[in-house]
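A short write-up of the structure that comes next.
Each value in this text was obtained by applying a stated rule to the coordinates, not by laboratory testing. These numbers were taken from a predicted model, which means no experiment stands behind them. Cβ coordinates were reconstructed from backbone atoms using ideal geometry, including for glycine residues, and neighbour counts include every protein chain displayed.
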Amino acid sequence: MKKMLMCGALLLCCCTAGYVGFATAADKGPAEMTLQATVDPASTPKPAQFPHAAHQGRLECGTCHHGKGADGKQVAYTEGQKIEKCETCHNSKAGMPEKVNTFKNAAHALCKECHTKNKPELAKCTVCHKK
């Protein structure tokens, strides 16, 4: 009886650890993403391939993600907050400054500036916008 109880407890611990690992991984979003504007599509839409998992390995979520307060101002990301699509706020109808008034402009402001600063060879259009 003792042996069976010990095996059951061990199995429960293994299953719980596996579930927690799965739940945490599931909350991290997809490993690869295709980013494309839908609210304000460009005249010649060019989707961007985004290696989300590769960025997660180097950066904190709050480096890229943020939220919006009741006053409409940007608020810093907090662990566990729901990640909205960028276009929820970054669209031509939201009245944002031109630098971030569309998904395309916001992505270029965030991604291209970061690449230019940290790895200039990744700031080229064809790195994200594959032919």
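Listing for the model above:
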read-out	value
Under 5 Å, built H, 5+ apart or other chain: amide partners of Met33	Phe50, His52
Prolate/oblate/rounded call for segment 29-131, Cα gyration tensor, a/c under 1.5 rounded	oblate
Likely footprinting exposure, Phe50, Phe103, fewest C-beta neighbours within 10 Å first	Phe50, Phe103
Label-to-label distance, nm, for residues given as Leu59 and Asp40 (7 Å Cα→Cβ offset)	2.0 nm
Net lengthening on full extension, Thr116/Tyr77 (0.36 nm per residue, minus Cα-Cα)	11.7 nm
Exposure proxy order (Cβ contacts within 10 Å, fewest to most) of Asp40, Asp71	Asp71, Asp40
Spin-label pair Ala123/Ala31, simplified geometry with 7 Å Cα→Cβ offset, distance in nm	3.1 nm
